[in-house]
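The values are calculated or read from the model by the stated rules, or taken from the named source; none is laboratory data. A quick note: this is a predicted structure, and the numbers were derived from the prediction, not measured. Neighbour counts are summed over all protein chains in view; Cβ atoms, including those assigned to glycine, are modelled from backbone coordinates with ideal geometry.
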Amino acid sequence: MAEQEGLTVKKADNFSEWYTQVVEKAELSDIRYNVKGFVVFRPWAVMSMELMYDALERELQAKGHKPVWFPAVIPESNFSKEAEHVKGFAAEVFWITEAGSQNEKLEERLALRPTSETAMYGMYSLWIRSWRDLPLKLYQRGQVWRYEGKATRPFIRSREFYWIESHDVFATRGEAEAQVTEDMETTRATVHDKFGVPFLFFQRPEHDKFAGAIHTYAADTIMPDGRVLQLPSTHLLSQDFAKSFGVKFKDKDEKEQYVWQTCYGPAVSRIFAAVVSAHGDDKGLIIPPEIAPTQIVIVPIHNDQTRDAVLVEARKIKADLEKRGGFRVELDERDGYTPGWKFNYWELKGVPLRIEIGPRDIEAKQVVMVRRDTGEKKGVPVAKAFVLAKAALRNVQRELTKRADKGFKQQMRKATTMRALKEILREKGGMVKVAWCGEADCADMIRAETDGGTVRGTLLGEKQADLAGRKCVYCKKPAAAEVYVARQY
């Protein structure tokens, strides 16, 4: 069974090939679907992403968001209402022009949603009448489609991806700005604290903000090859959307006002790519317990004579762990595979904790616990299996996050000259802090001369240094800000 063979390349030696092998051999995705840029997501990935969705939705609902489902198609007349927005997305849209067995031409082209502003805001104009209807905080989970021209890669970049998007409406700009801050807190509470993925939040430069936004804020993580991957972004929208779609309300003085809006988009499939990349090792995946489809796998060790007795005890342990702890537990009862083969299989899958039990363990009233992240292996009394398993999973979660944070911090660097910037991005990658004049043309030249190094923006929460006398790393004009440059996926 080739899909279950081990990896043949080390992560540190060739991350790209390592990632390809993990996705294939851990059965996360299959790229052989016969439409370019579209892939099949397999059960192990989907079960993990469902848990990620659950975490994000719990967080959103706890903060007052309500779920909705909108159609996946957007009439061209809707899509074209906000000029800056349509300009920003026009090159990425899939259009539906015909339907039915006779290939009947539609009266109006329909866009497969690349994002849902133009699908949702027309309805918002019908639902919002008064200040009493505000704030309105809605989200939906689902797919979006973008005609991505770059090379696609499972989970990292594809023409169909899975996400949550929230679209919130307020009476004042101040409330909208507070929502943007809340969105960032939601990202930290889920992506970092539950998924174990480190990131930094940047305010994107003006030339690289979301089409139709006043400001865009985005979380960037660093992949093992030194390139950055954008995770959730949140946007303070201009009132152009409200004006284009007639989203307005009567305030307490009965005066008609246009609303203020925000939108937030955690791309779950892309975040999953970061989870795979941040935690995996040369044996395969390591999935944080919070989002592992199976948190504990029990591997029985027996021969034909001891099989029934061992399985009876293993089933008791499984039932106890599920009942008392609510753990997601798998008992691997498959015949025809050796215990060693099963160990390798579940290590490749990234299950956080393995429990082994054989005849000698039954006699000693113990089991053997093995942590996936450290390989630590020790015998523990059966009577304490629940308590120790709970502690082990908690420790795995904490240590994975701590290890990822440490590696992330080591990828932060500085440069004062273009020569140094080029050298760092070429040989090490990561995020490089530089002084920048603030001009888009200069950012374009930095990108061209560093083979793709993009200005990510100013780091939120970081106090800007005194720029007196500082010069732009490229053009040597007076610096307007300290920003970070990195190559991106």
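A few comments on the model shown:
- Enumeration of residues in the range 244-277 that are under 8 Å from the mean Cα position of the chain (by Cα) and among the hydroxyl-bearing types (Ser, Thr, Tyr): Ser269
- Residue check for Lys25: closer than 29 Å to Tyr345 by Cα, touching an Asp or Glu at 6+ places or on another chain (Cβ under 8 Å) and in contact (Cβ under 8 Å) with a residue 60 or more places away in the chain: yes
- Those helices (runs of 4 or more DSSP H) lying entirely in the range 233-348 with at least 3 residues modelled with pLDDT of 95 or more, basic (Lys, Arg) and under 30 Å from Ala12 (Cα atoms): none
- Residue in the range 419-440 that is basic (Lys, Arg), surrounded by 16 or more Cβ atoms within 10 Å (Cβ to Cβ) and outside the structural domain of Asp332 (by TED's automatic domain parsing) present: yes
- Boolean, Val197 is outside any loop (DSSP other than H, G, I, E, B), under 27 Å from Thr454 (Cα atoms), under 17 Å from the mean Cα position of the chain (by Cα) and not assigned by TED's automatic domain parsing to the domain that holds Asp451: no
- Annotation: Gln411 fulfils all but one of (1) farther than 30 Å from His207 by Cβ; (2) touching a Gly at 6+ places or on another chain (Cβ under 9 Å); (3) not hydrophobic (A, V, I, L, M, F, W, C); the unmet one is (1).
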